[in-house]
Amino acid sequence: MDNTKYVALSRQMALWKQMDVVSNNMANMNTSGYKQDEAVFASYLHQADESIKVKGLAAKPLYFTQDYGTYGNFSEGMLAETGNTLDVAIKGDAFFAIQTAGGERYTRKGNFTLDADGMLVTTEGDPVLSEAGEPFFFAPGEKEISIMENGEVYTENGLIGKMKIVSFADNQKLQKVANTMFENTEGNAMVIGEDNIKVLQGKLEKSNVNSVEEMTKLVSLQRSYEYVQQMIDEEHDRLSNTISAFAQMI
């Protein structure tokens, strides 16, 4: 395969990754607490072998498209008033702490519920953690659940505990392990219960995905992908014609 096809295929692979990221964003535009992802790419310079030259011309460098991964957009989504007692949103740069089978994880998806044992859990059944590192349990007769702006949880019988609300030195170092769940990485400092963070009961944070923007982006990516494919097809035809013409000359 010649260099033209290698370069074109590197671009095509990058476009495919971008379309995958944009499609996932669109699939989660109605998911509470979802944070939009952006694919990150850069030109990779490959210096051509100086020993391989076209007659009279110096070898030129090749520019490939290199996949760097994804960049998380952690801007706040709009807050929706639900009036549900166990719907909770965070105002500020912070996350709820959740205990999962894989360890402690972090999310901004706050549509919680009670399981059969009266434990406060996510929709996936994972316990919501307090600052003491323990789940919240409510007695069968406790009906009046109040969640304060500082994360303290009360019932008619008094204080149950305080939600573990955490902030990180660099959100880009968080590893997304599910569409709305994150894992911290080594060396990324975590702070618990910063004063400028507010917990709002009866509200949910919407996804921060702009549906119109993502749809426009997807259409543009599809057109670019088709253009690159057309270029590959034309290059294939050119080489085939060249080989055929050369064969007839022999």
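Using a cut-off of 14 Å between beta-carbons, work out the net charge of the residues near Ile160 (Lys and Arg +1, Asp and Glu -1, Ile160 not included). Summing Lys/Arg as +1 and Asp/Glu as -1 gives -3. Here the Karplus curve 6.51 cos²θ - 1.76 cosθ + 1.60, taken at θ = phi - 60°, turns the phi angles of the stretch 99-114 into couplings of 8, 10, 5, x, x, 6, 10, 9, 8, 10, 7, x, 8, 8, 8, 9 Hz, with x standing for Gly and Pro. Among the GluC sites (Glu not before Pro) found in the stretch 128-195, those both in a DSSP coil and sparsely packed, with 11 or fewer other Cβ atoms within 10 Å of their Cβ, are Glu144, Glu149, Glu156, Glu186.
Between amide H atoms placed 1.01 Å from N, distances below 5 Å from Thr100 occur with Arg105, all of them 5 or more places distant or on a separate chain.
Can you give the net charge of the other residues whose Cβ lies under 13 Å from the Cβ of Lys203, counting K and R as +1 and D and E as -1?
Charge balance in the 13 Å sphere: 0.
Ordered from largest to smallest accessible area (heavy atoms of protein chains, 1.4 Å probe), the residues Thr107, Thr31 come out as Thr31, Thr107. Across Lys35, Lys206, the residue with the most accessible area heads the list, and the full order at a 1.4 Å probe is Lys206, Lys35.
Restriction of the trypsin sites (Lys or Arg not before Pro) in the stretch 103-150 to DSSP coil positions whose beta-carbon has at most 15 other beta-carbons within 10 angstrom yields Lys143. Taking all protein chains together and a 1.4 Å probe, the residues Thr70, Thr100 rank Thr70, Thr100 from largest to smallest accessible area.
Filter the cross-link list Lys91/Lys162; Lys143/Lys198; Lys176/Lys203; Lys17/Lys91; Lys17/Lys176 down to pairs whose alpha-carbon distance in this structure exceeds 21 Å.
Lys143/Lys198; Lys176/Lys203; Lys17/Lys91
The stretch 170-188 and the stretch 141-156 have Cα centres spaced 29 Å apart. Inter-label distance, Glu38 to Glu134: 4.4 nm, where each label sits 7 Å from its Cα along the C-beta direction.
Could you tally the net charge around Ala169, taking each other residue with its Cβ under 13 Å from the Cβ of Ala169, Lys/Arg +1 and Asp/Glu -1?
Counting the neighbours of Ala169, the net charge comes to -3.
The values are calculated or read from the model by the stated rules, or taken from the named source; none is laboratory data. As the structure is a computational prediction, the values presented were derived from the model and not from experiment. When we count neighbours, we look across all protein chains shown, and the Cβ atoms used for this are built from the backbone with ideal geometry, even at glycine. Areas reflect the complete protein model, heavy atoms only, side chains present, ligands, DNA and RNA absent. Shrake-Rupley method; radii C 1.70, N 1.55, O 1.52, S 1.80 Å.
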